[in-house]
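Notes follow the structure.
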Amino acid sequence: MSVPVLKASLLSAAGPHAPVLLAGPSLGTSAAALWSAAAAALGTFTVIAWDLPGHGVSPAAAAPFTVADLADGVASLVAAARVGGDITTDQNVYYAGVSLGGAVGLQLGLDHASDFEGLAILCSGARIGEPEGWAERAETVRNQGTPAVLSGSAERWFAPGFIDREPAVAAALLHSLQDADRFSYAFCCEALAAFDVRHRLGDIPLPLLALAGQQDEVTPPSFAQFIAEHTPNGTGAAVDDAAHLLPAEKPAETAELLRRFFGAAYQEGL
């Protein structure tokens, strides 16, 4: 296992002293396609989005990695941004991640809590799916490419009616899946197969918001409730008429929930 090389993109800039939100992606998505609309709605935050290996702007992975390795890679991005002056000492840094990006958020809370003022875990879980299912999907994509899971992903990602209401948004997300490196995607599946921090949630010290889409069948609201109930400073909520990709499906609502929660977390830290 090794720490993969991760790259990030600036989605919105709110000034030199604005709080920074580091946004994490879901498996198969580019962070820009997933987070751009919510970033625009988060007007008071500078939003930086990182991509999974072989997705978006991040290079393909050459070796397997764990969720902990991804968290180490994200922490390295933060450290590099601080050294380079992209994040200054007077800027608070928060994290929000979706699905696999949410799992990385939990790992950051365990291994790199000092880098952040608060966490938001969206459409995710302390354990997601079964190892056998992830192994099967990894093998399918490794052999056939990401188009083999395009149809199933479209069914899982979006609440009923979303593709008809927002065809351009859905198309951009599905194109990002189609463009993802198949071997890196498979490595991500294997990382999720090995991920389980259900018994470690009590060790996450940060204020944490766990959000779910009410129609999410992959990581249903009960997953968010479990995280909220088992972290010392956890809060949970579910968003109506949304499934697995909250920032794209409900960008305004997602932005408002994040702004409100992180604002409260900042006030408590004063």
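Quick look at the values:
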item	result
Leading residue by the ranking (nearest to the chain's Cα centre (by Cα)) among those in segment 157-168 that are closer than 12 Å to GLU217 by Cβ and either open to solvent by less than 80 Å² (accessible area, probe 1.4 Å) or of a type in the set (Asp, Glu) (or both)	TRP157
Test set (1) buried (at least 23 other Cβ atoms within 10 Å of the Cβ); (2) modelled with pLDDT of 95 or more; (3) of a type in the set (A, V, I, L, M, F, W, C) - ALA68 fails condition number	(1)
Conditions (1) over 26 Å from HIS175 (Cα atoms); (2) touching a Phe, Trp or Tyr at 6+ places or on another chain (Cβ under 9 Å): number failed by LEU6	(1)
Pairs with Cβ under 6 Å, 6+ apart, first in segment 117-128 and in contact (Cβ under 8 Å) with a residue 40 or more places away in the chain, second aromatic (Phe, Trp, Tyr)	GLU117/TYR94; GLY118/TYR94; GLY118/PHE262; LEU119/TYR95; GLY125/PHE223
Residue match in segment 189-208 (condition: closer than 30 Å to ALA62 by Cβ, among the small types (Gly, Ala, Ser) and touching a Leu at 6+ places or on another chain (Cβ under 8 Å))	yes
Output for segment 74-109, where each listed residue is surrounded by 17 or more Cβ atoms within 10 Å (Cβ to Cβ), farther than 23 Å from GLY263 by Cβ and either modelled with pLDDT under 95 or touching a Lys or Arg at 6+ places or on another chain (Cβ under 9 Å) (or both)	LEU77, ALA103
Per-region count, segment 36-65, residues at positive phi and open to solvent by 40 Å² or more (accessible area, probe 1.4 Å)	1
Count of residues meeting criterion [more than 20 Å from HIS55 (Cα to Cα) and either open to solvent by less than 30 Å² (accessible area, probe 1.4 Å) or free of Cβ contacts under 8 Å to residues at least 40 places away in the same chain (or both)] in segment 178-194	0
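The values are calculated or read from the model by the stated rules, or taken from the named source; none is laboratory data. On a predicted model such as this, the values are computed, not experimentally measured, just so you know. Note: ideal-geometry Cβ built from the backbone for every residue, glycine included; neighbour counts use all protein chains shown. These accessible areas exclude ligands, DNA and RNA; they are computed on the full protein's heavy atoms, side chains included. Shrake-Rupley method; radii C 1.70, N 1.55, O 1.52, S 1.80 Å.
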